[in-house]
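To start, the structure itself, in structure tokens.
The values are calculated or read from the model by the stated rules, or taken from the named source; none is laboratory data. None of these values were measured; they are calculated from a predicted model. Every residue, glycine as well, gets a Cβ built from its backbone with ideal geometry; the counts of neighbours run over all protein chains shown. With ligands, DNA and RNA removed, areas are computed over all heavy atoms of the protein, side chains included. Shrake-Rupley method; radii C 1.70, N 1.55, O 1.52, S 1.80 Å.
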Amino acid sequence: GPEMDFTAYDNFKIKDPYYSGYRLLSTPDRSGARPEIFVSTTNRSAGKTVFYNGWLLHQFIKTGKKFLLLFRNKYEIDNAAQNFFSQIGDLFYTGLHMTQERGIKNVFDKIYLAGPEENTETLCGYATSLRASEQIKKYSSMLSEVEYILFDEAFPEDGGYLPDEIQRLMSIHDSLARGGGSQSRYLPLIVVGNLIDVFNPLYV
């Protein structure tokens, strides 16, 4: 697990009627294999972000596995930790807070989880953007501890996709799955959004 023990603050539990992603995350693909890309779409916004944010932090507290929050544009990284935690803090993680600091300018930020005591900041994840995909190649070894990638709000209502969105998405995934070495490792990518457009680039 993480070097600091946050178990006492972890009250992650999903009750009906709220959305749970456990079934999606444990369902094999059509050929019976373990999928690497999970796509969660429902018409109602209720609960998907709460579940996946809460689950990722729960995984970190339990196992120490770090996550990467993926955004489309670089400016969205600035409030990543705050936005991520505001969805789940009061519900499941009272007493904890999150902070972030610059990792490499315009490439990624680092996200920390902390308790109420001094000096409990513990690195739990990172935030980057699709627009940084080229730079990520260069710095992939610095993100080699990432065990999950979460791309939330993946289907923008205004259709504001990047021209090469899916190439960038797969480039970031592959850079981190290789993580400096040539051997690829299993790295689940969770894509979450409200289904507005079935012709979105991911489905195409």
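Some observations on this one:
- DSSP bridge pairs, the chain: antiparallel proportion in percent, nearest 5: 40
- Close amide-amide hydrogen proximity is noted between V39 and V191, each under 5 Å apart and 5 or more residues distant or on a separate chain (H modeled in the peptide plane; Pro and chain starts excluded).
- Normalised by the number of residues in the chain, the mean separation of alpha-carbon contacts (under 8 Å, six or more apart) gives a relative contact order of 25 percent.
- The Rg/Rh ratio of the chain, with both radii computed over alpha carbons and Rh defined as the Kirkwood radius, is 0.94.
- Phi-derived couplings, Karplus 6.51 cos²θ - 1.76 cosθ + 1.60 at θ = phi - 60°, listed residue by residue for the range 85-91: 6, 4, 6, 10, x, 5, 6 Hz, with x used for Gly and Pro.
- Projecting the alpha carbon convex hull of the range 126-183 along each direction and taking the average yields 4.1 nm².
- Translational diffusion of the range 67-174, µm² s⁻¹ [Kirkwood Rh, Cα pairs; Stokes-Einstein; 25 °C; 0.890 mPa s]: 169
- Average silhouette area of the range 30-119, convex hull of alpha-carbon atoms, in square nanometres: 8.1
- Candidate residues S40, S144: accessible-area rank, largest first, probe 1.4 Å: S144, S40
- Couplings 3J(HN,Hα) of the range 58-69, computed from phi: 4, 4, 5, 5, 6, 10, x, 6, 8, 10, 10, 8 Hz, in residue order, whole Hz [Karplus 6.51 cos²θ - 1.76 cosθ + 1.60, θ = phi - 60°; x for Gly and Pro].
- Measuring nothing but protein heavy atoms, the accessible surface of the chain at 1.4 Å probe radius is 47 percent carbon and sulfur.
- Computed packing ranks the peptides 16-27, 160-171 as 160-171, 16-27, most packed first, by mean other Cβ atoms within 10 Å.
- Residues in the chain average 52 Å² of solvent-accessible surface per residue, probe 1.4 Å, ligands and nucleic acids excluded.
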